[in-house]
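Asker: Starting off with a structure, shown below.
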Amino acid sequence: MRVLILGATSPIARLLAGRFAQDGASLYLAARDSGEAQRIANDLAVRNGVDALSGRFDAADFSSHGEFVQRVVSELGGLDGVVLAFGTLGDEDAAQVAPGAALSTIHQNFTGAVSLLTLLARILETQKHGFFIVIGSVAGDRGRARNYVYGSAKAALHAFTQGLRGRTERSGVHVMTVKLGTVDTRMTWGREGAMLTVSPESAADRIYAAYRRRAEVVYVPWYWRPIMGALKLIPERLFKRTNF
Ligand SMILES: NC(=O)c1ccc[n+]([C@@H]2O[C@H](COP(=O)([O-])OP(=O)(O)OC[C@H]3O[C@@H](n4cnc5c(N)ncnc54)[C@H](OP(=O)(O)O)[C@@H]3O)[C@@H](O)[C@H]2O)c1
């Protein structure tokens with residue numbers, strides 16, 4: 001099996017790549033920081049005795065995506081699955097007042113994903129097999145004053161992958177949407193809300209287990225489903241006054 005990991009320098013993505021490598025998959029680790037991606041690839045190759053390639057991509061550099069995808073498929077000798085793990089909280093304070101910062105957050109979490117998923121889906125759909133694991137966020141379940149620019153990008157990503165799942169299912173291509181709760185990574189470093197935070201290892205294990213059972217939409221950990229279900233029931237006129 002040949003798997004492309006987008007955003008491979010995320011600790012969650014790196015651990016997921018490790019799970020695939022343990023199961024014998026060949027990997028292509030892609031990140032903006034190609035040096036770090038290469039170090040991770042070398043480590044996985046040595047530890048697991050698999051082929052692990054690496055390369056650079058930038059989610060927000062749309063015009064480079066076509067060539068990037070071609071290069072990945074040619075170097076891997078085909079493609080069976082994609083883990084889309086890139087994303088950023090960005091500077092939410094700036095994004096709420098400056099359109100440039102807002103669009104940057106949207107591009108790095110949503111528009112870049114649309115561009116890459118569209119190119120990659122064509123390949124998997126044509127060959128009639130493959131899978132996508134797309135990492136979204138519980139922040140996409142309801143717009144909150146604190147992080148609605150990031151949250152709206154993830155909400156759009158959830159809707160996009162939901163539609164993609166419906167389209168590609170007929171071709172035997174499976175799409176799994178991960179609604180991730182708080183994980184202890186550099187993205188959340190120094191932020192409050194540690195009580196429900198899980199380690200990247202725990203997140204990766206749960207995501208991989210969900211992939212193995214071909215889940216469609218999975219909350220990670222599971223308790224975010226009832227939490228977000230309850231949050232969504234709060235009437236808007238009350239919700240807008242809360243500080244969740
Ligand atoms: N940590 C959490 O609590 C949490 C909660 C819900 C969802 N998530 C989601 O989980 C995923 C992984 O995040 P993480 O927590 O592991 O944070 P992270 O360590 O900051 O990883 C984010 C990854 O996205 C990459 N990235 C950001 N902008 C990019 C761009 N323009 N082009 C290419 N790659 C880009 C980063 O690469 P660089 O090294 O080049 O910056 C990095 O590999 C993200 O989609 C995030 O939204 C995280």
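Asker: What's the longest piece of the chain with no exposed GluC sites (Glu not before Pro), counting a site as exposed if DSSP puts it in a loop and it has at most 15 other beta carbons within 10 Å?
Answerer: Of all site-free stretches, the longest is 1-191.
Asker: Would you work out the Kirkwood radius for region 12-78? I mean one over the mean of 1/r across all pairs of different Cα atoms, in Å.
Answerer: It is 12.2 Å.
Asker: Over the chain, with a Gaussian network built from C-alpha contacts below 10 Å, which listed residue (Ala25, Ala153, Ala209) shows the highest mean-square fluctuation?
Answerer: Ala209
Asker: Let me ask something else about it. Go ahead and set up a Gaussian network model of the chain, Cα springs under 10 Å, then flag whichever of Arg212, Arg122, Arg71 fluctuates most.
Answerer: Arg212
Asker: If each DSSP helix of 4+ residues adds -39,500 (n - 2.57) and the sum is divided by the residues in the chain, what number results at 222 nm, nearest 500 deg cm²/dmol?
Answerer: Value at 222 nm, helices only, nearest 500: -14500 deg cm²/dmol.
Asker: Starting from the coordinates of the alpha-carbon atoms of the chain, obtain the Kirkwood hydrodynamic radius over all distinct pairs and give the value in Å to one decimal.
Answerer: When all Cα pairs of the chain are included, the Kirkwood radius is 18.3 Å.
Asker: Just tell me which aspartates and glutamates come within less than 19 Å, Cα to Cα, of Lys240; anything on the same chain fewer than 8 places away is out.
Answerer: Glu92, Asp93, Asp141
Asker: Still on this structure: Seen from all sides and averaged, what is the projected area of the convex hull of the Cα atoms in region 42-170, in nm²?
Answerer: 9.2 nm²
FYI, it's all coordinate maths here, none of it is from the lab. Given the structure is predicted, the values throughout are model-derived calculations rather than measurements. We place every Cβ from the backbone using ideal geometry, glycine too, and count neighbours over all the protein chains shown.
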